[in-house]
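Trainee: Pasting in a structure now, in structure tokens, and then I'll have a few things to ask.
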Amino acid sequence: MPIRQLASFPNVTKPWVARAGLDPRVIAALRQGLLGIQDKAALATLRFDGFLLATDDNYAIIRSSIVENPLFFRKPAS
């Protein structure tokens, strides 16, 4: 029997983060380098189709899903 998709939600993937206190020039260089990759072959090698700047708000759906996850496993009231 094939698997059916019952629900889906938008999901951000694989954040690239830097440690606290990293030199802002290094952060700027990394950001410029990653956002500047346009070569489709290079992106395919990385298994990405591009990079985008993210904000904390982009992860709100993930945090909400984590909080609501136990509801998925709750047994229905009898």
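Trainee: Would you be able to say whether some residue in the stretch 17-33 is surrounded by 10 or more Cβ atoms within 10 Å (Cβ to Cβ) and assigned to a loop (DSSP other than H, G, I, E, B)?
Mentor: Checked the stretch 17-33: at least one residue is surrounded by 10 or more Cβ atoms within 10 Å (Cβ to Cβ) and assigned to a loop (DSSP other than H, G, I, E, B).
Trainee: Next question, about the same structure. Here's a check for you: in the stretch 34-78, which residue that is outside any loop (DSSP other than H, G, I, E, B) and aromatic (Phe, Trp, Tyr) is farthest from PRO10 (Cα to Cα)?
Mentor: That would be PHE73.
Trainee: Can you tell me which residues in the stretch 1-22 are without any contact (Cβ under 8 Å) to a residue 24 or more places away in the chain and touching a helix residue (DSSP H, G or I) at 6+ places or on another chain (Cβ under 9 Å)?
Mentor: Result: ALA18, LEU22.
Residue-wise test of (1) of a type in the set (Lys, Arg); (2) free of Cβ contacts under 8 Å to residues at least 24 places away in the same chain.
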residue: ARG31; (1), (2): yes, yes
residue: LEU35; (1), (2): no, yes
residue: PHE51; (1), (2): no, no
residue: ASP57; (1), (2): no, yes
residue: ILE61; (1), (2): no, no
residue: ILE66; (1), (2): no, yes
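Bear in mind that the values in this text are calculations on the coordinates, not laboratory data. None of the values given here were measured: they were computed from a predicted structure. Counting neighbours? That spans all protein chains shown, and the Cβs are built from the backbone with ideal geometry, glycine included.
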